[in-house]
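J.: Sharing a structure here in structure tokens format.
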Amino acid sequence: MNELAIDTLTTAQARPRRDIGLKKRYAAERRFRLYGVLAIAIGLTFLAIMLTSIISKGYTAFWQTTVTLQVDFDEKIIDPNNKRATDPNVLVTANYPKLAETALIQKLGIDPNDKAMVRKLKGFLSDGSRVQLRAIVMADPSVIGTVQEVDILAAANLDSAYKGQIDLSVPESRRKVSDQQVEWMNKLKAEGAMSEHFNTGLFSFGASSRPETSGVGVALIGSFYMMGIVLLLALPIGVAASIYLEEFAKKSRFTDLIEVNINNLAAVPSIVFGLLGLAVFINFLGLPRSASVVGGLVLTLMTLPTIIIATRAALAAVPPSIRSAALGLGASKMQMVFQHILPLAAPGILTGTIIGLARALGETAPLLLIGMVAFVADYPKTPFDPATALPVQIYMWANEAERAFVERMSGAIIILLVFLMAMNIVAIVLRRRFERRW
């Protein structure tokens, strides 16, 4: 009886201690969950702040203010000596801004002889009107001598004022638009002659010193060339290297060294690859600076480790039973790899490739070192022509002093983010669509 009583007493004393221990463990688990939720909440908060800041500053870049004018393509201004039949350059060098200015003077009802009022028109219309009107004449010379309705781009400061980005309540001396220009702007707006349209120029224009005629067209083409080169080189080389290391190479110190170096290369700062590209592709091989082909080669070197690591992980995820079954049925090792293992690993390989391309698309540092910060206004026809890239264009606009370039920069960031999100969504869809769970 005494022993039974002692055991009962011991059990009764131990139970509270166990209960206290369970409560502590449960409390620790709840705290850990709370920390995880807080970490996710903090990350989402900063993400929301970043996206809100970018979108609030950049969505207006997708709209451009224009002034609808009745432009008289006066032959006396375009070709006063009637030489265009023998000298086509006459149509190129004509004083097209004078046509736009004359049309605006007539629209506002200003006396052309009032020089003071005419001077105040300076900076109302974009200097890009020269290109707009010249393109119309060059496309159809028969418009000379006729009156055409044309939407002329407003200057950057007027565009900002029309969008409400300039505080018009401050004194005139502290803003870049005068009271007279604001009065004209309100008059044209009331008449329906000044309005906003979707800014197709943001996607088609190249580099320009004027914000209203700047766009990411050249940068998009340059990025397309570079991503094409990366895809054509990095994918086959990376997959081939991964297959050899994972399926054919014997384990040795040499292969271990290669694996360690591949893992280390994946963590090397991207600017180091830019230095390598500058030394090898430009200084040694003599490839042209600012060319998409050099950018593509540099980004290929940077993307290869990511693709190799992802491909090896996808190959290793295929069960050994698939290999054994293929070999047991008489397949050679080459047939086993390419007819059985590789198709099953394809979703993981594609996912890793797309993620690697998305990372390469957003890189700026290596491209700066190979000279892709050049002022390029013309579309590159081949990967060997001068070009720039979307992240580099964003970097260049960030260094501009004019306020309107901030809007363009944020708009370009939105475009880049859309491309990156689209590529990541494609990777997720491919993985979920084709992935097999073993």
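The values are calculated or read from the model by the stated rules, or taken from the named source; none is laboratory data. Predicted model, so just to flag it, every value in this text is computed and none were measured. Every residue, glycine as well, gets a Cβ built from its backbone with ideal geometry; the counts of neighbours run over all protein chains shown. Side chains included, ligands, DNA and RNA excluded: accessible areas come from the protein's heavy atoms. Shrake-Rupley method; radii C 1.70, N 1.55, O 1.52, S 1.80 Å.
J.: Does Ser173 satisfy the criteria of being free of Cβ contacts under 8 Å to residues at least 40 places away in the same chain and either basic (Lys, Arg) or over 24 Å from Val71 (Cα atoms) (or both)?
T.: Working: free of Cβ contacts under 8 Å to residues at least 40 places away in the same chain: yes; either basic (Lys, Arg) or over 24 Å from Val71 (Cα atoms) (or both): yes.
When the stated conditions are applied, Ser173 passes them.
J.: Hey, can you tell me all the residues within region 60-90 that are in contact with an Asp or Glu (Cβ under 9 Å, 6 or more places away or on another chain) and closer than 29 Å to Val216 by Cβ?
T.: Of everything in region 60-90, those that are in contact with an Asp or Glu (Cβ under 9 Å, 6 or more places away or on another chain) and closer than 29 Å to Val216 by Cβ turn out to be Thr60, Ala61, Trp63, Gln64, Thr65, Thr66, Val67, Thr68, Leu69, Val71.
J.: Moving on to the next point. List the helices (runs of 4 or more DSSP H) inside region 87-206, counting only whole elements, that have at least 1 residues being more than 21 Å from Glu400 (Cβ to Cβ).
T.: On the way: elements: 89-93, 96-108, 115-120, 129-139, 156-162, 179-191, 201-204.
Counting at least 1 such residues, we get 89-93, 96-108, 115-120, 129-139, 179-191.
J.: While we're looking at this one, here's another question. Identify the single condition in (1) open to solvent by less than 90 Å² (accessible area, probe 1.4 Å); (2) assigned to a helix (DSSP H, G or I); (3) touching a residue at least 12 places away in the same chain (Cβ under 8 Å) that Leu22 does not satisfy, given that it satisfies every other one.
T.: Condition (3) is where Leu22 drops out.
J.: I'd like to verify a number: residues in region 317-350 that are open to solvent by 60 Å² or more (accessible area, probe 1.4 Å) and closer than 30 Å to Pro366 by Cβ, how many?
T.: Residues meeting the conditions: 1.
J.: What are the residues in region 68-126 that are hydroxyl-bearing (Ser, Thr, Tyr) and more than 15 Å from Met194 (Cβ to Cβ), if any?
T.: Thr86, Thr93, Tyr96, Thr102
J.: Checking Gly217 against (1) within 34 Å of the chain's Cα centre (by Cα); (2) free of Cβ contacts under 8 Å to residues at least 60 places away in the same chain, which test does it fail?
T.: Evaluating Gly217 over (1) within 34 Å of the chain's Cα centre (by Cα); (2) free of Cβ contacts under 8 Å to residues at least 60 places away in the same chain leaves (2) as the failure.
J.: Now for a different question. Condition first: open to solvent by 50 Å² or more (accessible area, probe 1.4 Å) and within 24 Å of Leu276 (Cα to Cα). Can you find one or more residues in region 357-368 that meet it?
T.: In the first step, residues of region 357-368 are kept if they are open to solvent by 50 Å² or more (accessible area, probe 1.4 Å); the result is 359, 368.
Cutting the leftovers down to within 24 Å of Leu276 (Cα to Cα) gives us 359, 368.
Checked against the condition, which is being open to solvent by 50 Å² or more (accessible area, probe 1.4 Å) and within 24 Å of Leu276 (Cα to Cα), region 357-368 yields at least one hit.
J.: Filter region 53-83 down to the residues that are outside any strand (DSSP E or B) and either open to solvent by less than 10 Å² (accessible area, probe 1.4 Å) or under 17 Å from Ala135 (Cβ atoms) (or both) and list them by number.
T.: Within region 53-83, Gly58, Ala61, Phe73, Ile77, Ile78, Asp79 meet the criteria.
J.: Sticking with this one: Can you find, within region 375-407, the residue that is farthest from Leu297 (Cα to Cα) among those that are within 12 Å of the chain's Cα centre (by Cα) and open to solvent by less than 60 Å² (accessible area, probe 1.4 Å)? Let's see the steps before the verdict.
T.: Step one: list which residues in region 375-407 are within 12 Å of the chain's Cα centre (by Cα), which gives 388-395.
Checking which are open to solvent by less than 60 Å² (accessible area, probe 1.4 Å) leaves us with 388-394.
Working: Thr388: 14, Ala389: 14, Leu390: 17, Pro391: 17, Val392: 16, Gln393: 19, Ile394: 21 Å.
Checked region 375-407; the qualifying residue farthest from Leu297 (Cα to Cα) is Ile394.
J.: If you check every pair at least six apart or on different chains, which have Cβ atoms under 6 Å apart with a residue in region 61-79 that is more than 17 Å from Pro211 (Cα to Cα) first and a residue that is among the acidic types (Asp, Glu) and surrounded by fewer than 23 Cβ atoms within 10 Å (Cβ to Cβ) second?
T.: Every condition considered, the pairs that remain are Thr68/Asp151; Gln70/Glu149.
J.: Is there a residue being at pLDDT 90 or above and farther than 25 Å from Thr303 by Cα anywhere in region 215-223?
T.: Within region 215-223 (the criterion being at pLDDT 90 or above and farther than 25 Å from Thr303 by Cα), the answer is yes, since at least one residue qualifies.
J.: Considering only region 249-266, how many residues are open to solvent by 70 Å² or more (accessible area, probe 1.4 Å) and closer than 21 Å to Gly348 by Cβ?
T.: Here the count works out to 2.
J.: Let me ask something else about it. Residues Ser332, Ser242: which one is more than 26 Å from the chain's Cα centre (by Cα), at pLDDT 90 or above, of a type in the set (S, T, N, Q) and farther than 20 Å from Val392 by Cα?
T.: Ser242
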